[in-house]
Amino acid sequence: MKKVVFLAFFVLATNMLYAQEEKGALEEKNIWSLSYKEALKKAKNEKKPLLVYFKGSDWCGPCKTLDKELFSAEKFINLSKKHFVLYEADIPMNQDLVEKERLASNKKLVKQFKVSSYPTILVLNHKQKVLGIKKGLILTEYYYPFFESYIK
């Protein structure tokens, strides 16, 4: 009986430790701001351009490709941590995937910046002036010269 209790405790402790490590890794990779307002404020305070990524997470195939091949890449994560503030403006078909308030804000941004195709990447200053725009899907490596052109 003692062996069973010990084994159960060991398995539980190992799972908890793994879950904590996994959570830490996810938090480390979560480089996107929680709100547009927060992102603007952070861009101003840190004197960095704001990169806004308009996507349809559950319906846009090119967006899914960008998420997997570009935005999850260590190269992009390292570049963005140093040089950009990021905001993801998701407009999914299943609107339950995004909080109501955030979805309303994202829809407002779509109108404000006249976004008509997905994916669209905007580079803005903290006053919301558009510095650059990239529409559609291109080869992943072709995004880096675009990003680097806004690094001061």
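Taken together, the residues in the range 123-148 that are over 22 Å from P62 (Cβ atoms) and part of a loop (DSSP other than H, G, I, E, B) amount to 5.
Kindly provide the set of residues from the range 132-144 that are free of Cβ contacts under 8 Å to residues at least 12 places away in the same chain and open to solvent by 80 Å² or more (accessible area, probe 1.4 Å), ordered by number.
L139, E141, Y142, listed by residue number.
Residue count for the range 44-85 under the criterion of being open to solvent by less than 40 Å² (accessible area, probe 1.4 Å), of a type in the set (A, V, I, L, M, F, W, C) and under 22 Å from S116 (Cβ atoms): the result is 9. Among the criteria (1) open to solvent by 10 Å² or more (accessible area, probe 1.4 Å); (2) assigned to a strand (DSSP E or B); (3) within 21 Å of P145 (Cβ to Cβ), the one E88 does not fulfil is (3). One residue is enough: does the range 103-114 have a residue meeting the conditions out of contact with any Cys (no Cβ under 7 Å at 6 or more places or on another chain) and modelled with pLDDT under 95? No: zero hits. Among the residues of the range 99-118, those that are surrounded by fewer than 12 Cβ atoms within 10 Å (Cβ to Cβ), polar (S, T, N, Q) and either touching a residue at least 40 places away in the same chain (Cβ under 8 Å) or under 20 Å from W59 (Cα atoms) (or both) comprise S116, S117. Among the residues of the range 119-131, is there at least one that is on the phi > 0 side of the Ramachandran plot and touching a residue at least 12 places away in the same chain (Cβ under 8 Å)? Within the range 119-131, one or more residues are on the phi > 0 side of the Ramachandran plot and touching a residue at least 12 places away in the same chain (Cβ under 8 Å).
The values are calculated or read from the model by the stated rules, or taken from the named source; none is laboratory data. Given the structure is predicted, the values throughout are model-derived calculations rather than measurements. Glycine also receives a Cβ, built like all others from the backbone with ideal geometry; neighbour counts cover every protein chain displayed. Heads up: the accessible areas ignore ligands, DNA and RNA and are worked out on the full protein's heavy atoms, side chains in. Shrake-Rupley method; radii C 1.70, N 1.55, O 1.52, S 1.80 Å.
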